[in-house]
2 protein chains.
Amino acid sequence: MAITIKDIANKAGLSPASVSRILTNRGRFNEDTAIRVRELAHSMGYLKNQSAADLSQQKSRIIGILVPIEHTNFADEIIKGMQNKAHEFGYELLITFIDVNESQQIQTVQSLLSRQILAIFMLAIDMSPAVFKLLINSKVQLLSISNQLDSQIPSISSDNYVMMKKIVDYLVSHGHKKIALIGSSSQFPIVAQLRRQGFIDGLAAHGISYNPDFIWGTTLSYQTGLETIKHFGLPLPFTAAIGSADIISIGLLNSAKDANLDIPNDLSIISIDGTELTQITRPVLTTIQQNFQLMGELAITTLHENKFTEEKVIFTKTKIVPGKTVAINYESI
Amino acid sequence: MAITIKDIANKAGLSPASVSRILTNRGRFNEDTAIRVRELAHSMGYLKNQSAADLSQQKSRIIGILVPIEHTNFADEIIKGMQNKAHEFGYELLITFIDVNESQQIQTVQSLLSRQILAIFMLAIDMSPAVFKLLINSKVQLLSISNQLDSQIPSISSDNYVMMKKIVDYLVSHGHKKIALIGSSSQFPIVAQLRRQGFIDGLAAHGISYNPDFIWGTTLSYQTGLETIKHFGLPLPFTAAIGSADIISIGLLNSAKDANLDIPNDLSIISIDGTELTQITRPVLTTIQQNFQLMGELAITTLHENKFTEEKVIFTKTKIVPGKTVAINYESI
DNA sequence: TATTTATGAGTAAACGTTTACGCAATTATA
DNA sequence: TATAATTGCGTAAACGTTTACTCATAAATA
């Protein structure tokens, strides 16, 4: 039998209500008795029954986090950011990994909803219409992180359009005119479209017409990167490639090595994401780094300050982190 | 206001108790009315209030998972295994990332305990005495995965001693006699000790005396791997090295490349863990692979079958996965 | 000093679900 | 057919916490 508020009340000669007020720091109470009660609670090893509290209050401080199980390696960074702030504001994170199986998704979401959850944050997830409907009906605060969904749902991400233009600028400033975009995920249609448009517009801004064949690959996977060179054949029709995710860029880098290409002189590579994975390759990848940790922090603080009503789309900054995989292309200069 | 069991009862002309019995599939009820009630519940969009249920039953189906925030990349695989089985048996996983900050650890554990949790699984975590005491006192089922702790706490892991002997056998069978062990973590003293002993005994079994200088590095980090060659200097006094974690092996591989060594001819490397990280290096790492997913599955099934009382230590098998980083050392043959 | 205001704490109901117990109605057994 | 066993369901209490009210007492104000 665990210690309850009642036990403390008895020992302190108070009513449970008073103890509750003291322990939750709500309502009126005398500070001297409060000190006594808090000490008692501690010495008796009291541990609040959160289920009872949630039931009574008809809500919890839980934020449900949905993370794709085919693990995007930046999810950790987002979670880290969220954890920092959650701890600060007294929220609990209920992290759940979900896969593409719809019935399992539904069960997962229902189990979250059955706990009077405060909000559901989706990390780089696109969900099926059935789950989407369930979530919309549930009235909990939704937020998509690192991915933009339906415009009804607020999101925090990099500005994918601007990011892509920055990348193109960077490559063009290094003399590249023939640029490929590897990995335009069909799984995240809105993001993919924004990036494609940024790619096209970025090239156009430099008077370069874009070759639709140079946008290739539909999954954000190592495999996509690995197959790139085989797909295009040697010699490559482009001098630089953009990997849409670090893992793609690594695959591309490896396939280039396997084909005895000299990186970056035979092919320049720039990677989107910039997680620590890019630091453990040889040569170290040049990347545009997204600020995932900040996305996580903003997710919590924006929820805390209840600002999702004002701003539907929040962007975090990106920055180019030079590595050793982009060379100057003298041929076209 | 959400639909409750009472609403269903009213509409069905039953008492809440009957509805509860039907929906939880406990006690006695008529199957025809059950069908009616289940349909009603579905059509009314009923969602169980799990807090109320937990409160009433004085327990939950939640399993708390503690994961180190400096992310060990195999945690995902363990969680994947757990998730499969948890889903099957109707458990919920409450995954929490913890860092080394003790006060935060305590808060995290308390927040878990305040939810009538069923068990706490620790993934590759060594905890401070204060947290340890808290857990022991709490009476919840504890389990350490991929790490052995105090003998009171059951664990699921590879047999680190046997694993290390297997590695030594493998290297010796490839002609290596001078072997280094890189990364003997002070953070996981029991595992580290078992591995050291396996290393020493493994060498002794082949009549090779061991050189204490060849056990080097105290953190399981990329940095440790990266600094190895600088530490020992060239030419290396050993022909093969064991990386105690994939990330160490990658660091070692990179530092070897940076020093213009030819892997595997100048140095053979074998990595412990064998996560997918080892597949994205060039050359691909030879590894001894731990079955993390199985560890996760066993964690859940063993809990489900309540078998922790019988067996305190459960081992999963390891297997050597040849890559391209171990060569035959002809010199010593 | 008389009146108002503030303070501290108790009472009791509520949150939604589960479950021990009891009782009628039905079915099985002798 | 009389009795026993089974079935289906309702009653009511319980889980631990919170909170709207209420009320006495103390402090502040006029």
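Read-outs: derived from the displayed coordinates by stated rules, not from any lab. Remember, it's a predicted structure, so these values are computed and weren't measured experimentally. Ideal geometry is used to build each Cβ from the backbone, glycine not excepted, and the neighbour counts take in all protein chains shown.
Using the structure shown, list the pairs from B:Lys165/B:Lys230; A:Lys165/A:Lys324; A:Lys257/B:Lys165; A:Lys139/B:Lys6 with a Cα-Cα distance above 24 Å, or answer none. Those over the limit are B:Lys165/B:Lys230; A:Lys257/B:Lys165. Dipole check for the stretch A:160-290: with +1 at the C-beta of Lys and Arg, -1 at the C-beta of Asp and Glu, and the Cα centre as origin, the magnitude is about 200 Debye. Rounded is the label for the stretch B:5-48, because a/c, from the alpha-carbon gyration tensor with a ≥ b ≥ c as root eigenvalues, stays below 1.5. How high is the relative contact order of chain A, given as a whole-number percent (alpha carbon pairs under 8 Å, six or more residues apart)? With pairs under 8 Å counted, the relative contact order is 17 percent.
The longest part of chain B holding none of the exposed loop GluC sites (Glu not before Pro), meaning those outside H, G, I, E and B in DSSP with at most 15 other Cβ atoms within 10 Å, is B:71-304.
The same position B:Ser15 in the other copies lies at 3.1 nm from this copy, comparing label points 7 Å beyond Cα toward the beta-carbon, shortest first. Backbone amide hydrogens, once placed in the peptide plane, bring A:Leu47 within less than 5 Å of A:Ile3, excluding anything fewer than 5 places away on its chain.
Summarising the amide proton neighbourhood of B:Ile62: residues at separation of 5 or more, or on other chains, whose placed amide H is nearer than 5 Å comprise B:Glu92, B:Leu118.
Normalising the average separation of contacting C-alpha pairs (under 8 angstrom, six or more residues apart) by the number of residues puts the relative contact order of the stretch A:5-48 at 39 percent. A simple spin-label model places the labels of B:His206 and A:Ala205 5.9 nm from each other, with each point 7 Å out along Cα-to-Cβ. Taking the alpha-carbon distance from B:Lys85 and a cut-off under 20 Å, which aspartates and glutamates remain once sequence neighbours fewer than 8 residues away in the same chain are dropped? Once the sequence-local aspartates and glutamates are set aside, what remains near B:Lys85 is A:Glu70, A:Asp99, A:Glu102, B:Asp76, B:Glu77, B:Glu297, B:Glu305, B:Glu311.
Available extension along the chain between A:Ile3 and A:Glu311 is 106.4 nm, counting 0.36 nm per residue and deducting the alpha carbon span. Estimated at 0.36 nm per residue, the fully extended path between A:Gln193 and A:Val284 surpasses their Cα-Cα distance by 29.9 nm.
Each residue of the stretch B:171-182 is assigned a 3J(HN,Hα), and the resulting list reads 5, 5, 5, 9, x, 8, 10, 9, 10, 10, 10, 9 Hz, derived from the Karplus form 6.51 cos²θ - 1.76 cosθ + 1.60 (θ = phi - 60°), x at Gly and Pro.
Remark on B:Val313: its backbone amide H falls under 5 Å from those of B:Ser155, a criterion applied only to residues 5 or more positions apart or on other chains, H modelled at 1.01 Å from N. The stretch A:127-178 and the stretch A:258-286 have their alpha-carbon centroids 24 Å apart.
Compute the Cα gyration tensor for the stretch B:160-290, then decide on rounded, prolate or oblate, letting a ≥ b ≥ c be the square roots of its eigenvalues: rounded whenever a/c is under 1.5, prolate when a/b is larger than b/c in the other cases, and oblate in all that remain. Here the stretch B:160-290 falls in the rounded category. Mind checking which aspartates and glutamates have their C-alpha under 12 Å from A:Lys307, skipping anything on the same chain fewer than 8 residues away? Of all the aspartates and glutamates, none pass the test against A:Lys307 - Cα under 12 Å, at least 8 places apart if same chain. Only Lys, Arg, Asp and Glu carry charge here, each on its Cβ (+1 for the first two, -1 for the last two); on that basis the protein assembly as shown has a dipole of about 1760 debye about its Cα centre. With neighbours defined as other Cβ atoms within 10 Å of a residue's Cβ, the residues B:His206, B:His176, B:His42 order from fewest to most as B:His42, B:His206, B:His176.
Modelled spin labels at B:Thr219 and B:Glu39, positioned 7 Å past Cα toward Cβ, are 6.4 nm from each other. Given their separation in residues at 0.36 nm each and the Cα-Cα distance between them, A:Ala259 and A:Ser15 gain 80.1 nm when the chain is fully extended.
Summary for B:Gly175: label point 7 Å along Cα→Cβ; distances to the equivalent points in the other copies, ascending, 4.5 nm. Please state the shape class of the protein assembly as shown: rounded when a/c is under 1.5, otherwise prolate if a/b exceeds b/c and oblate if not, all from the C-alpha gyration tensor. Oblate, because a/c is 1.5 or more while a/b does not exceed b/c.
The same position A:Asp32 in the other copies lies at 7.0 nm from this copy, comparing label points 7 Å beyond Cα toward the beta-carbon, shortest first.
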